[in-house]
1. Roughly how large is the B-A contact in terms of buried accessible area, totalled over both chains, probe 1.4 Å, nearest 100 Å²?
2. Kindly write out, for the stretch B:309-316 in residue order, the coupling ³J(HN,Hα) from the Karplus curve 6.51 cos²θ - 1.76 cosθ + 1.60 (θ = phi - 60°), rounded to whole Hz, with x marking Gly and Pro.
3. Using a 7 Å offset from the Cα along the Cα-to-Cβ direction at both residue A:117 and residue A:307, what is the distance between the two label points in nm, to one decimal?
4. Given a 1.4 angstrom probe, what's the average accessible area per residue across chain B, in square angstrom?
5. Around residue A:454, which amide H atoms from residues at least 5 apart in sequence, or from another chain, sit under 5 Å from its own amide H, with H modelled in the peptide plane?
6. Quick one: grab Rg to one decimal and Dmax as a whole number for the stretch A:371-503, Cα atoms only, in Å.
7. How much accessible area does residue A:368 have with a 1.4 Å probe, in Å² rounded to the nearest 10?
8. When the expected Rg is taken as 2.2 N^0.38 Å, what fraction or multiple of it is the alpha-carbon Rg of the stretch B:41-313?
Amino acid sequence: MTDQTPVLRLEGIVKTFPGVRALDGVAFSVLPGEVHALMGENGAGKSTLMKVLGGIHAPDEGQIFIAEEPTVMTSPMQAKAKGVVFIHQELSLADELSVAENIFLGELPLKGLGRVDWPKLYADTDAILKTLNVGFDARTRVGDLSIANQQMVEIGRALTVDPRAVIFDEPTASLTDAEKVVLFDVIADLQSRGVGIVYISHRMEEIFKITDRISVLRDGQYRGTLNTAETDEDEVTQLMIGRSLDLSRNESHHEMGDVALEVRGLGCGALYQDVSFSVRRGEVLGFYGLVGAGRTEIAETIFGLRTPSAGQILLNGEEVRIASPIDALGHGISLVPEDRKSQGLVLGMNCRDNMTLPQVDDLTAGPFVSDGAEIAIFDQYRDKLDIRTPGWRQIVGNLSGGNQQKIVIGKWLSMRPEVLIVDEPTRGIDVGSKSEIHNLIRELAAQGFAVIVISSEMPEVLHVSDRIVAMFSGRVMREFTADEVTEDNLIQAISGITDDKVA
Amino acid sequence: MTTTLNQKDILKRGAIWAFILVELAFFAIVGDAMSVSSKAFLSVDNMLLLLKQSAPIGIIALGMTIVMINGNIDLSVGATFALAAVVLLDSMTWPFMQALGDWAIPLAWGFALLTGVVLGAINGLIVWKTGVDAFIVTLASMLGFRGLVFMYNGEQPTSHLNWTLVDFAEAQFLGLHTATWFLLGAALILWLLMTKTVHGRNAYAIGNNREAAVNAGIRVGPHFVLNFMLIGFLAALSAVVFYSESGSVNPNDGMLYELWAITAVVLGGTKLAGGYGSIISTLGGVIAIQLLRKGLGHIGADTQTVNLVIGLILIGVLILDRQLNRKGQEELKI
């Protein structure tokens with residue numbers, strides 16, 4: 001392999017965004033016929049690198065070579081024309097169109113007067129489908145296909161050109177084991193035709209099964225490349241997380257009260273199964289896992305946004321039925337949702353009105369809402385949470401992410417909840433505000449709230465939690481106390497590696 | 001306390017009133033030079049008449065504002081208007097009503113207003129319970145309610161003149177006509193409703209971000225139904241005020257009223273997508289349109305020209321609004 005020319009090579013790529021050095025001198029190359037894994041934690045720079053490669057972001061420094069020819073990427077279409085194609089984690093297909101129309105979307109074969117050359121379209125598509133060895137034909141409506149087959153259509157798109165390099169971004173996230181086998185066959189076939197494959201995934205098992213080399217990114221920096229045959233999971237994990245943590249582990253200890261919320265054998269269709277855990281007053285329970293592991297869905301079930309298919313939810317030892325957020329709020333359960341802009345805030349409303357939204361019913365004087373009562377609540381929580389805003393009239397959409405998040409947290413705290421669930425507490429928030437939010441979460445627990453924190457960021461989970469539940473593919477893999485958790489065993493638990501040494 | 005109403009907001013809220021001033025100045029100067037009649041356009045009588053003439057569409061537009069802030073729309077108001085008018089005039093001819101003398105009047109008003117509330121409730125319940133888009137639901141009910149109007153009396157007009165009622169409708173109190181009082185009264189009550197009450201607050205929240213509202217424990221459906229009942233009531237109120245005076249309704253009356261109402265609401269700056277808007281600005285939008293119609297008529301333009309000009313102005317306003325919003329967003333990013 002060593003004497004081959006790389007199909008794709010990146011050299012010294014630097015990309016900065018205001019306040020963040022997202023990529024810092026990343027180098028990376030793919031040889032023909034090679035499967036090259038790209039690994040790193042959430043936020044390590046993988047997706048930014050892919051966007052640079054696809055021409056969506058122009059790099060500040062560095063050079064991209066295709067077959068050793070310096071190339072400037074301007075758009076995904078141009079990248080494709082040069083033989084570099086992307087298979088994204090999220091499918092972008094038109095459900096109502098046929099497989100053929102989707103595969104050749106934007107490049108339908110034409111005959112005179114702008115008419116589509118249907119016979120050629122279907123023939124070309126069937127030829128591509130044949131190489132993919134799938135059981136549907138060019139005329140099938142895409143909406144009727146399974147997710148796995150839709151992914152095959154997505155891959156089919158890559159094959160309308162003769163690709164040099166194909167980049168798979170978390171391709172197995174929504175596939176079953178049987179469907180994965182089919183995908184791996186397709187990858188092996190591409191490999192045998194001399195195509196270079198970049199394979200982005202968090203799943204160690206797959207990485208060790210199908211890749212030849214593994215490159216690791218950490219905090220936007222290239223940390224090295226390993227030959228898959230000569231390394232093991234521990235070494236890769238070390239490369240991924242072996243940084244000087246900017247956050248200390250949670251050391252604070254305070255008195256804990258009774259169990260506030262307990263969940264027994266909770267399940268919700270295919271999203272998650274057999275989930276059990278409990279959280280005490282004064283405790284922060286962390287949920288850690290990959291995106292799609294079912295963490296958010298559990299929170300939504302407890303908050304009444306999803307109906308469980310199995311199991312019980314107990315509050316203060318008594319079983320409760322929660323069919324809607326109204327029920328949840330009535331039982332003292334609050335949720336700070338994952339996406340504050342679309343789920344948490346009314347962006348066009350002012351700070352005060354957002355904060356009092358769930359309880360405005362109780363703040364009336366006669367037929368009208370009492371301005372004074374509302375402002376009193378706003379002032380109290382603005383001071384308590386140190387929300388920086390010119391005044392309560394400020395429209396929430398104009399605040400910074402950290403202050404917006406504090407408004408959402410203040411909204412729920414003012415309801416005096418018993419259980420506070422915080423989903424991704426610091427997503428899209430700058431570093432300074434992050435530690436403020438973390439301290440706030442610790443402080444709330446110290447005041448006797450039962451807090452559940454869901455996070456995709458390991459340092460955050462380690463920093464704020466008293467206990468950590470590790471999830472993988474809709475199941476609880478393991479529960480750690482703050483004393484026994486290590487970055488190593490945590491990352492292994494959420495990658496689906498069952499640790500036989502512990503049992 | 002610091003005021004943070006920024007310049008953009010002031011600009012947006014003031015825009016419709018500035019536009020009205022421009023119209024007034026234009027018709028006062030150009031209008032009088034080109035006038036086809038000898039009367040001055042800006043006379044007090046003429047302006048009072050203008051307000052009276054604004055009332056039928058205006059009262060409906062107020063209701064449309066709250067429905068649109070809530071994130072819905074109601075296309076059936078024109079048909080509701082006609083059906084309420086038919087009920088008002090026809091009910092006064094019923095034998096037992098005639099036996100009541102002038103006491104039949106409040107009863108007839110009650111029947112008509114109840115008709116509007118019931119029709120509105122039907123719309124609201126369908127939107128709530130089926131989850132079908134309000135545009136589609138009320139498009140269907142627009143056809144359905146109009147069908148009821150025709151079933152009532154065929155192609156024939158329904159007529160009944162009650163002189164007590166006509167006197168009441170033509171009366172002027174403190175200079176303003178009865179219809180104007182109803183328009184202003186409805187505007188005041190709805191303004192209080194939308195700015196001072198829980199229902200108003202929640203209606204804005206639902207229109208701005210329905211998911212966040214649900215997450216805050218707000219029951220979306222009842223708010224929808226209440227707003228549809230209110231607009232039904234207001235469409236009927238508009239009919240009651242207008243037909244008390246005219247005494248005769250054609251089965252095609254009220255056609256396109258929904259579109260005129262929406263035009264006034266949009267001109268006033270309320271967002272079609274919901275979550276933003278103001279009752280007072282809608283009042284401005286209503287007056288601006290009526291001023292344009294009357295002013296252009298004053299200088300001799302025919303109806304077709306008036307419609308063309310209003311259409312052009314509406315597009316101009318929306319382009320301007322978009323530019324303002326875009327500028328606002330760019331400022332935010334810096």
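The values are calculated or read from the model by the stated rules, or taken from the named source; none is laboratory data. This structure is a prediction, so every number in the text was calculated from the model and none was measured. We place every Cβ from the backbone using ideal geometry, glycine too, and count neighbours over all the protein chains shown. These accessible areas exclude ligands, DNA and RNA; they are computed on the full protein's heavy atoms, side chains included. Shrake-Rupley method; radii C 1.70, N 1.55, O 1.52, S 1.80 Å.
1. That pair of chains buries around 2400 Å² in total.
2. Result, rounded to whole Hz: 5, 4, x, 4, 5, 4, 4, x.
3. So the two model labels end up 5.3 nm from each other.
4. Averaged over the residues of chain B, the accessible area is 46 Å².
5. Residues meeting the criterion, in which the H sits 1.01 Å from N, are A:287, A:422, A:423, A:424.
6. 17.5, 61
7. Counting only protein heavy atoms, the figure is 70 Å².
8. Numbers: Rg = 18.5 Å, N = 273, 2.2 N^0.38 = 18.5 Å.
Cα-based Rg divided by the globular estimate yields 1.00.
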